[in-house]
């Protein structure tokens, strides 16, 4: 949970279904802290923004506070790591991040914002899935599966295949996938972008690459929570397409 020190949130206009969006500065403060600013908008007419899906984490050790509108706010190491990435990759992009965009000290506001979650994630241009950082094998997997030309994925040989397969198993085994709230976050998102360190990979590219790499999925992948989220998202997409076809005909 984020904890504010000398920081007071300006109340949201609940009659207008207001939310806060966060913008991350590309430059750090003189003390090396991430610098952010908040903006009030109506969820019904807030333009383009990305919504973050992540694990809050529990580790406050050695975490520098971020500056929000000039005031220090302490956040977990996992979120601070994402913001360090965001100031490079998402500078100028409006973000919705629950730990900073919702006054966590106000039960009344938290309850109100929970009621808006469906609108927030469904309205986001992208849902950003932050999976962490630090494993070079996963970074290499993301780089290998990232394709802009639609070309098929080909492993370089038995050893390359095995290393990539092991990296896939690690990715689908992340604790993130078992987090309860991500069910609606992944289902409602128009577009899902996976982020690991400074590497990005579209949701569809991950699974397309997995299918090309491993036509017959082993149980470690087939039975994973990540695979179940994939199946649920595919079912919802198919249902929407059928509903669209019915309405057109």
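Since every read-out is calculated from the coordinates, none of them should be taken as a lab result. Since we're looking at a predicted model, the values are computed, not measured.
Under the rule of -39500 (n - 2.57) per DSSP H run of 4 or more residues, summed and divided by the residues of the chain, what mean residue ellipticity at 222 nm is obtained, to the nearest 500 deg cm²/dmol?
Values: 10 runs with 104 residues, N = 249.
Computed mean residue ellipticity for the chain: -12500 deg cm²/dmol.
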- Item | Cα coordinate range in the chain, projected on the principal axes (Å, largest first) | 56, 53, 30
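Please give the length that would be gained between residue 115 and residue 147 if that part of the chain were fully extended, namely 0.36 nm times their separation in residues minus their C-alpha to C-alpha distance (nm, one decimal). Don't jump to the answer; show the numbers that get you there.
Values: separation 32, 0.36 × 32 = 11.52 nm, distance 3.72 nm.
Contour length minus the Cα-Cα distance gives 7.8 nm.
In whole percent, what relative contact order does region 3-129 give with Cα contacts below 8 Å and a gap of six or more residues? Intermediate values should be presented prior to the final figure.
Values: 213 pairs, mean separation 42.7, N = 127.
Answer for region 3-129 is 34 percent.
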- Find the centroid of the Cα atoms in region 190-237 and in region 95-124, then give the distance between the two in whole Å. 26 Å
- Sort region 165-210 into rounded, prolate or oblate with this rule: let a ≥ b ≥ c be the square roots of the eigenvalues of the Cα gyration tensor; rounded if a/c is under 1.5, and if a/c is not under 1.5, prolate when a/b is larger than b/c, oblate otherwise. oblate
- Item | Extent along principal axes [Cα atoms of region 3-129; Å; largest to smallest] | 39, 29, 25
- Task: With an 8 Å cut-off on Cα pairs and a minimum separation of 6 or more residues, tell me the relative contact order of the chain in percent.
- Result: 20 percent
